[in-house]
Amino acid sequence: MDRCVVLVDAGYLLGAAASLLAGEPARSRITVDHAAIVQGLRDRAERETGRPLLRIYWFDGAPDRVPQPEHRRLRVMPRVTVRLGALTRTDGRWAQKGVDAAMHAELSELARNRACSDVVLVTGDGDLLPGMMSAKEHGVAVHLWAVQAADGDYNQSEDLVAEADERRVLDREWITRAVKARDVGVVCPPPGPRPEIAAILSAPLPESAMPGAPAKPVPAEPAAATAAPAKNGQAPAPAAPAKPGVPTPKDLAGLSAGRAQPSGAPQPTPAATLRWSSEKGWIDRGAGEAADPGLPTLAQLTTAEQRWADREEDITTVSGDPFEVGQVFARRWIDRLTNPADLQTLSAEYPRVPHRIDGELLRYAARFGLLAHKDDQIDEHDRYAIRAGFWREVDARTVSEGSSSREPSRDPRD
């Protein structure tokens with residue numbers, strides 16, 4: 001077949017681009033216009049091979065092989081196929097597993113089936129050398145593309161370079177058409193808390209954690225754990241004072257019950273920000289709080305035909321951004337309500353998402369790889385963004401009906 005195929009090792013392409021533009025291979029240091037880079041690869045491949053493009057294969061790693069938002073955008077582009085390997089964390093660093101093997105298998109299969117006459121490889125890994133040799137034996141011309149190295153030297157296997165039929169370099173000018181270096185201040189912003197988190201961190205500690213409060217008994221520990229050993233006859237250094245703990249929502253919710261108040265003074269109530277629900281529900285409901293309003297779930301409001309259409313929309317148009325995911329879920333729920341009063345009931349629950357709806361919202365978000373472990377911790381920022389998107393859509397629809405009783409919630413990304 002007189003067609004060309006492009007196989008892209010995204011880890012190499014974007015990592016080398018980050019090294020070139022930002023001085024280090026961390027992909028968080030760059031922003032990528034995926035539509036522009038795909039179009040650039042297609043135009044250059046067709047021009048240099050003289051063959052029309054059959055397909056671009058984009059190989060990348062993802063935690064548990066769950067497509068990330070960028071993968072979801074790529075795989076719905078024309079003539080683009082995404083292949084995912086695993087992304088694992090070893091010794092504090094992320095590493096791709098299975099990407100090279102997938103590229104080798106795809107390259108060999110394309111050549112064996114004579115699906116193309118020319119293959120463009122954007123990679124630097126010498127593990128693809130056997131696949132390259134196999135493709136050449138089947139009569140396929142192999143074009144090897146490199147990203148301009150930051151230090152001016154090769155960033156590819158020399159064996160791979162020697163075996164290729166043609167080699168070209170994607171220089172800085174070509175790379176910067178689709179990739180830009182982030183400003184350091186954007187990548188590592190100062191730890192300015194969002195309003196929701198600031199309310200929790202600025203709230204008073206429970207009495208048991210306040211200075212001068214009776215300490216809870218703790219098991220005795222060896223002396224070595226409380227003081228540093230003496231050196232050269234000097235007195236042992238005193239142990240570092242324990243840092244005050246950050247109060248949990250449960251601690252703050254118990255303030256009204258645990259702190260004595262002057263006679264006749266009203267009991268304090270937890271701040272509104274403490275009423276965020278979770279996938280486990282709103283467990284610590286205080287006295288006098290309203291029970292779950294019993295609103296219908298999205299599953300109860302959705303027909304089989306709508307469920308199919310939702311899945312189609314999720315695959316083709318929803319990028320997987322957490323704020324957008326919350327908006328899409330809220331839009332579907334509101335559009336399918338049979339009782340318009342339910343929208344007002346939900347609006348009055350702000351900022352607590354009712355338990356059943358919140359659990360369904362988080363399960364929906366999990367389809368997009370959100371709420372997964374990132375850097376060995378659950379990404380709480382995604383949870384806030386999902387719920388903020390949910391409330392922003394509720395606000396917009398409530399205001400449009402002229403019956404909003406509260407200010408629209410602020411987009412945490414503004």
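Here, each number is a calculation from the coordinates, and none is a lab measurement. Computed from a prediction, not measured in an experiment: that's the story for all the values here. Because the Cβ atoms are built from the backbone with ideal geometry, glycine has one as well, and the counts that use them run over all protein chains shown.
Classify region 298-400: rounded, prolate or oblate, from the alpha-carbon gyration tensor (a ≥ b ≥ c, eigenvalue square roots; a/c under 1.5 rounded; otherwise prolate if a/b is larger than b/c)?
It comes out oblate by the Cα gyration axes.
With charges only on Cβ, +1 for K and R and -1 for D and E, what is the dipole size of region 4-186 about its Cα centre, in debye, rounded to 20?
860 debye
Amide H neighbours of residue 168 under 5 Å, counting only residues 5+ apart in sequence or on other chains, H built in-plane at 1.01 Å?
144, 145, 146
List 122, 38 from most exposed to least, where exposure is judged by having the fewest other Cβ atoms within 10 Å.
Listed from fewest to most nearby Cβ atoms, that is 38, 122.
Short version: ³J(HN,Hα) in whole Hz for each residue of region 78-83, in order, from phi by Karplus 6.51 cos²θ - 1.76 cosθ + 1.60 (θ = phi - 60°), x for Gly and Pro, what are they?
Once rounded to whole Hz, the list reads x, 6, 10, 10, 9, 10.
Rounded to the nearest 0.05, what FRET efficiency do residue 344 and residue 1 give with R0 = 60 Å and r taken as the Cβ-Cβ distance? Could you check?
That gives a FRET efficiency of 0.50.
Let me check against my output: what whole-number percent is the relative contact order of region 298-400, with C-alpha pairs under 8 Å and at least 6 apart?
That works out to 43 percent.
Report the Cα centroid-to-centroid distance between region 135-183 and region 78-126 in angstrom, as an integer.
15 Å
Tell me, what ³J(HN,Hα) does each residue in region 129-134 have, in order and in whole Hz, if you take phi through Karplus 6.51 cos²θ - 1.76 cosθ + 1.60 with θ = phi - 60° and put x for Gly and Pro?
Couplings: 4, x, x, 4, 5, 5 Hz.
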